[in-house]
Amino acid sequence: MANIIGSPERYIQGREVLGELCKHIQNIGKLPFILVSASGKERVENIIVKSAEEYNTKLVFEVFGGECSRNEINRLVKVYKESGCDMVVGIGGGKIHDTAKALAFYAESPVVIVPTIAGTDAPCSALSVIYTDDGAFEEYLFLPRNPNMVLVDTQIISCAPARLLVSGMGDALATYFEARACMQSDSPNFIGGYHTVTSMAIARLCYDTLLSDGVKALVSAQAKVCTKALENIVEANTYLSGIGFESCGIAAAHAIHNGLTAIHETHQCYHGEKVAFGTLTQLVLENASTEEFEEVINFCLEVGLPVTLGDLGIHEIKTNELMEVAKLACGPNDTMGNMPFSLTPEMVCDAIIATDKLGHYYKAKHL
Ligand SMILES: [Zn+2]
């Protein structure tokens, strides 16, 4: 198997770049089909219409139905084909990205992703997560290519809730450690190959950027101001983590996240919040050095990522429930098998409990 790195053809990030949308998409298509939520449309329509006037571009807006489901994708493919549009532009959060990518795949069109939050590392990837109409996970749709363009307006992101940016940091926190595990175990990445020196360097840069700019970015997001530190974190959450996870692979942190979703109480947490706890658990499984563990947990405490099960909403710890989480995490279709040593559900369950105890220990020290 070859070493393969994937990425969007172009990544554009900056303050007020949404106002340049029609300039940047000129080489991709002439008539954009803009998929956006009803509330998102209210926020961005004026900016995009102004940009369209400047570049003499016609626009077609379509309001997203709310779920990235087969029914919604099929509906959109029909509307898209009737519209005469020649490119898809998805503006909003994770489900709109996934839907826009799936729509573009089935309609055989180029796609541009415009995230309005930096809450996950999904925008740059060649992957869509498909749900049922009721919002339950259905399947991963692996796409043959990454988006043609990802355009990130940091002014807009700086005004989104700070907790979403922190959640994105939690997702990005796992990237380097999962990449390192996949490298040690010689596990393949998401695009049918192995990591490259470039993708490993990107994963490491992602972690280093979190450590150097995470707290500063959090404070910026709380004040709803756009600073260099916030821009660096937006890039880490969106691009560095996106390329890092897809081109290096994932391991225990995300497997534990997936297991945790079985516990109802955790549904109030965002993806990246659970992934952060999964990252700490992965470090416990690896018996990482105290120095490294402290660096990661202190980062979590500084920015407000969960370090205990209580932080995830699990106030009463039931070992049988955690065993279910561990069994799911060790399932044949999950990525626990990408760890460099073999693990049983019992070992994972014990590591989750140990992580929770360590979380309490360091929380007390941190105060
Ligand atoms: Zn993730």
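Using every pair of separate Cα atoms, the Kirkwood estimate puts the hydrodynamic radius of region 1-115 at 14.5 angstrom.
Largest GNM mean-square fluctuation among GLU108, GLU82, GLU235, using the chain with Cα springs under 10 Å: GLU82.
Placing +1 on the Cβ of each Lys and Arg and -1 on the Cβ of each Asp and Glu in the chain, which of ALA364, PHE177, VAL215 has its Cα farthest towards the positive end of the resulting dipole? Farthest towards the positive end: VAL215. For a test of the definition: using alpha carbon positions, the gyration tensor, and the 1.5 limit on a/c, classify region 107-242 as rounded, prolate or oblate. Judged from the Cα gyration tensor, region 107-242 comes out oblate (a/c at least 1.5, b/c at or above a/b). Using R₀ = 30 Å, calculate the FRET efficiency as 1/(1 + (r/R₀)^6) where r is the Cβ-Cβ separation of LYS50 and VAL79; round to 0.05. It comes to 0.75. Around the Cα centre of region 212-367, unit charges on the Cβ atoms of Lys, Arg, Asp and Glu (plus for the first two, minus for the last two) sum to a dipole of about 300 debye. Let me check against my output: what whole-number percent is the relative contact order of region 201-331, with C-alpha pairs under 8 Å and at least 6 apart? Reported as a whole number, the value is 26 percent. Taking Cα atoms only, the orientation of helix 162-185 departs from the longest principal axis of the chain by about 70 degrees. Evaluated with a Cβ-only charge set (Lys, Arg +1; Asp, Glu -1), the chain carries a dipole of roughly 820 debye about its Cα centre, given to the nearest 20.
Using the eigenvalues of the Cα gyration tensor, what equivalent ellipsoid semi-axes result for region 42-177 when each is taken as the square root of five times the eigenvalue, whole Å, largest first?
23, 21, 14
Please say if region 215-281 is rounded, prolate or oblate, where rounded means a/c under 1.5 for a ≥ b ≥ c the square roots of the C-alpha gyration tensor eigenvalues, and otherwise the choice is prolate for a/b larger than b/c and oblate otherwise? Oblate.
Residues THR238, THR290, THR209 in ascending order of nearby Cβ atoms (within 10 Å, fewest first): THR290, THR209, THR238.
Taken one residue at a time, the phi angles of region 252-258 give Karplus couplings (6.51, -1.76, 1.60, θ = phi - 60°) of 5, 4, 6, 4, 5, 3, 4 Hz. Gly and Pro are set to x.
About the centre of its Cα atoms, region 21-120 shows a dipole size close to 60 debye [charges on the beta carbon of Lys, Arg (+1) and Asp, Glu (-1) only; nearest 20 debye]. Expressed to the nearest 5 percent, the antiparallel share of DSSP beta bridges inside the chain is 20 percent.
Dividing the mean sequence gap of close Cα pairs (under 8 Å, 6+ apart) by how many residues region 185-237 holds gives a relative contact order of 30 percent.
Summarising the amide proton neighbourhood of SER69: residues at separation of 5 or more, or on other chains, whose placed amide H is nearer than 5 Å comprise TYR131.
Between helix 345-366 and the chain there is an angle of about 90 degrees, using the helix long axis and the longest principal axis of the Cα atoms.
Near VAL152, the amide H atoms lying under 5 Å from its own belong to ILE12, GLN13, GLY14; only residues 5 or more places off or on other chains count, and H is placed 1.01 Å from N. Taking only alpha carbon atoms, the chain gives an Rg to Rh ratio of 0.97, where Rh is the Kirkwood radius. Note that region 305-313 has calculated 3J(HN,Hα) couplings of 8, x, 10, 10, 5, x, 4, 8, x Hz, one per residue in order, obtained from phi through the Karplus relation 6.51 cos²θ - 1.76 cosθ + 1.60 (θ = phi - 60°); glycine and proline are x. Taking amide H as placed 1.01 Å from N in the peptide plane, GLU62 has its amide H under 5 Å from the amide H of ILE34, LEU35, VAL36, each at least 5 places away in sequence or on another chain. Shape class of region 240-367 from the Cα gyration tensor (axes a ≥ b ≥ c, square roots of the eigenvalues): rounded, since a/c falls below 1.5. Across the chain, Cα pairs under 8 Å and at least six residues apart give a relative contact order of 17 percent. When the listed pairs LYS95/LYS327; LYS81/LYS224; LYS101/LYS318; LYS30/LYS78; LYS101/LYS363 are checked against a 29 Å cut-off, the alpha-carbon distance exceeds it for LYS81/LYS224; LYS101/LYS318; LYS101/LYS363. Fewest-first ordering of ILE202, ILE130 by other beta carbons within 10 Å of each residue's beta carbon gives ILE130, ILE202. Look at the dipole of the chain built from charges on Cβ: of ASN189, LEU127, GLY19, the Cα furthest out on the positive end belongs to GLY19.
Note on the chain: with a GNM built from Cα contacts shorter than 10 Å, the maximum mean-square fluctuation among PRO115, PRO123, PRO340 falls on PRO340. Rounded to whole Å, give me the distance from the Cα center of region 119-164 to that of region 266-310. One Cα centre to the other: 22 Å. Note on PHE341/GLN222: beta-carbon distance plugged into 1/(1 + (r/R0)^6) with R0 of 51 Å gives a FRET efficiency of 0.80.
Shown in residue order for region 262-272 are the 3J(HN,Hα) couplings computed by the Karplus curve 6.51 cos²θ - 1.76 cosθ + 1.60 at θ = phi - 60°: 6, 8, 3, 4, 7, 5, 6, 8, 7, 3, x Hz (x for Gly and Pro).
What is the order of ASP153, ASP86, fewest Cβ neighbours within 10 Å to most?
With the fewest neighbours first, ASP153, ASP86 line up as ASP86, ASP153.
No lab work stands behind these numbers, since they all come straight from the coordinates. Model, not experiment: these values are computed from the prediction. Backbone-built Cβ (ideal geometry, glycine too); neighbour counts: all protein chains shown.
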